[in-house]
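**Student:** Structure in structure tokens, see below.
Since every read-out is calculated from the coordinates, none of them should be taken as a lab result. Predicted, not measured: the structure shown is a model, and the values here were computed from it. We place every Cβ from the backbone using ideal geometry, glycine too, and count neighbours over all the protein chains shown.
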């Protein structure tokens, strides 16, 4: 690289960027940094040249140290000099490389943080050890993320679910005012009478009259083991959105080795999230058993299990419970993740066993979840949906 740097035609901006990437070891070939670049370099060095980071035997300098105020200042610096997407990566790296979880309990650090889904997951995992002075600040961070995500997903979810419910309640003996003429014509094209230049409809297609009654029961059962943090966050928000729709009766159940029903908290997704406890073991069988008791109208019910399928309970009984739900007419959906990161590590043997029962298990992004719910409401082939989603 030194030979290239010596070339007088090398772009100064390119040299500057390489210097920030490589650190002060590149002062000689790339030149020293000054001013704003020096501040940016110090912020990068504090994280990636830290004495506390894993260094593979190399001597390191800098570091954030153990002071919460110092970390808060560092967070302020990176928010000032880097775009938010980069800030989120650096924050995640700091938590992983420097074990800053305990410093997240300090209010001054929470005030300086760039909120995102992964940081919400970290805060929720610390919920049980968080001192009272930090909980208000943590709730503000969580609420900011929840509000951002609700703006992103709420409208699409309501539109997709409402449309699916309308289509699902279409009837074949509608009143005249309820006839869907476009679909009626398409359904009767074979009955076109050329001599009269008209269609004689043998089957009328229409919509059921609007009703305020509950048309579907939705039960979301969410694994709250540590690897499912992002899925827990999105599940809580989607559950709150679905619960706001009067045509649905929505329940939210989270589990590890214990089962917690958070349905009473669905009016406030922040309360829902603080009701979770990330980490611990996994007893899927026990959780499904609890959810079976919530399902009173099988053919009008949708059961969504969100889990990596690593079962710590009784596997054979878990599979029998799923088979029983399917046989009763429940539309069963199994998601390996509800996040933007794709499928996590998961138990492939259990996924294959579920597929044999007609229940495909696949990862789903938050943006695709409304379409998935629409497909489930209309009782479409979810295997086809999973394959279509995998091809995107």
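**Student:** Compute the relative contact order of segment 250-372 as a whole-number percentage, counting only Cα pairs closer than 8 Å that sit 6 or more residues apart in sequence.
**Tutor:** Relative contact order, segment 250-372: 20 percent.
**Student:** Please order 181, 18 by the number of other Cβ within 10 Å, starting at the fewest.
**Tutor:** With the fewest neighbours first, 181, 18 line up as 181, 18.
**Student:** List 250, 39 from most exposed to least, where exposure is judged by having the fewest other Cβ atoms within 10 Å.
**Tutor:** 39, 250
**Student:** Could you put 117, 259 in order, starting from the residue whose Cβ has the fewest other Cβ atoms within 10 Å?
**Tutor:** So the ranking, lowest neighbour count to highest, is 259, 117.
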